[in-house]
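Below is one structure, written out as structure tokens; the observations come after it.
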Amino acid sequence: MNSATVSGAPVGVTPKYGSIDTWCALTGMGRRATYDALGHGHLKAVKVGARTLINIEKGLAWIEAQPPAVIRPMKPRKSSNN
């Protein structure tokens, strides 16, 4: 998903700050995980009036610094020959 679909920014341009909804749409993170990351200081945000705006650049850097996922291959299903 590009930034134009979530923030109104020109295609290929990532905004410096974005709303919680923009952040969730850009990253696929849910609101609960986003607020949890904010609470732990992993994401940087500012308040503008009642709005919370996340520093998108720093947030994306935080995501890039996370350890890689370890996904194990699925075991083959047992066939049921009833």
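Can you go through Ala37, Ala33, Ala9 and tell me which one is surrounded by 11 or more Cβ atoms within 10 Å (Cβ to Cβ), modelled with pLDDT under 95 and among the hydrophobic types (A, V, I, L, M, F, W, C)?
Ala9
Mind telling me which of the residues Ile54, Ile71 ends up being loosely packed, with under 12 Cβ neighbours inside 10 Å, at pLDDT 90 or above and of a type in the set (Val, Ile, Thr)?
Ile71
The values are calculated or read from the model by the stated rules, or taken from the named source; none is laboratory data. This is a predicted model, so every value here is computed, not measured. No Cβ is skipped: glycine too gets one built from the backbone with ideal geometry, and neighbour counts run over all protein chains shown.
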